[in-house]
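Chemist: Just dropping this structure here.
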Amino acid sequence: MLSSMELVIQLKKIPLFSDLQARELAAIGSILRERVFPAGEVIIQEGSPGDTLFLVMSGRVKVIKEMDSPNPILLAEIGPEEWFGEMALFDRQPRSASVVAAEETHLLELGRFEFEETMREFPGIAIHACQVFTRRLRELQEKLGRS
């Protein structure tokens with residue numbers, strides 16, 4: 001278990017939260033849940049309902065589209081100080097891909113309800129999150145345009 005101070009320090013390293021103030025980071029830290037997944041375990045199943053974002057503290061995960069098909073597509077590998085599942089914080093759509101632990105992975109889980117409450121209290125969190133998510137979408141569009 002990470003202490004409150006350790007959580008704030010870890011959150012500051014993650015681009016999603018790097019520009020936030022200490023009190024905003026402390027608010028987010030207070031609503032996180034630590035999770036550990038062994039290698040090979042499915043963390044998110046494509047098509048399932050989603051309401052959480054995951055922050056990778058250690059380990060690595062694979063994001064896979066159509067994992068159960070004969071030709072699964074590896075979309076990304078995500079490691080420490082990165083995150084996945086962010087769309088679930090803003091829409092109520094099913095998960096767009098599966099995520100599997102490539103090795104033992106320590107995650108921090110952030111639920112939509114708690115995140116919404118925190119954003120109401122600290123609107124700067126919502127503004128920054130939208131900026132980061134938009135940047136990520138633009139990078140994905142550029143990547144797809146080059147394919």
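The values are calculated or read from the model by the stated rules, or taken from the named source; none is laboratory data. Not measured: the values here are computed from a predicted model. When we count neighbours, we look across all protein chains shown, and the Cβ atoms used for this are built from the backbone with ideal geometry, even at glycine. Side chains included, ligands, DNA and RNA excluded: accessible areas come from the protein's heavy atoms. Shrake-Rupley method; radii C 1.70, N 1.55, O 1.52, S 1.80 Å.
Chemist: Given the condition under 18 Å from I14 (Cβ atoms) and open to solvent by 70 Å² or more (accessible area, probe 1.4 Å), answer yes or no: does some residue in the stretch 95-113 qualify?
Modeler: Taking every residue of the stretch 95-113 in turn, none turns out to be under 18 Å from I14 (Cβ atoms) and open to solvent by 70 Å² or more (accessible area, probe 1.4 Å).
Chemist: Identify, please: which residue in the stretch 49-77 is in contact (Cβ under 8 Å) with a residue 40 or more places away in the chain and outside any strand (DSSP E or B) and is, among those, nearest to G111 (Cα to Cα)?
Modeler: Here the residue is D51.
Chemist: A further question follows. Quick one: which of V61, V56 is more than 21 Å from S4 (Cβ to Cβ) and either modelled with pLDDT of 90 or more or open to solvent by less than 20 Å² (accessible area, probe 1.4 Å) (or both)?
Modeler: Being more than 21 Å from S4 (Cβ to Cβ) and either modelled with pLDDT of 90 or more or open to solvent by less than 20 Å² (accessible area, probe 1.4 Å) (or both) holds for just one of V61, V56, which is V61.
Chemist: Restricting the search to the stretch 78-129, which residues are in a loop (DSSP other than H, G, I, E, B) and aromatic (F, W, Y)?
Modeler: Correct list: F90, F122.
Chemist: Can you name every residue in the stretch 1-16 that is closer than 16 Å to L107 by Cβ, under 14 Å from the mean Cα position of the chain (by Cα) and at pLDDT below 85?
Modeler: Correct list: L16 only.
Chemist: Separate question: Restricting attention to the stretch 96-116, does a residue exist that is free of Cβ contacts under 8 Å to residues at least 60 places away in the same chain, of a type outside the set (D, E), within 24 Å of V36 (Cβ to Cβ) and touching an Asp or Glu at 6+ places or on another chain (Cβ under 6 Å)?
Modeler: yes
Chemist: In addition: Considering only residues that are surrounded by fewer than 13 Cβ atoms within 10 Å (Cβ to Cβ), of a type in the set (K, R) and either under 16 Å from L110 (Cα atoms) or touching a His at 6+ places or on another chain (Cβ under 8 Å) (or both), which ones fall in the stretch 17-48?
Modeler: The answer is R33, and nothing else.
Chemist: Restricted to the stretch 64-75, and to residues that are modelled with pLDDT under 90 and within 30 Å of L11 (Cβ to Cβ), which residue is most open to solvent (accessible area, probe 1.4 Å)?
Modeler: L75
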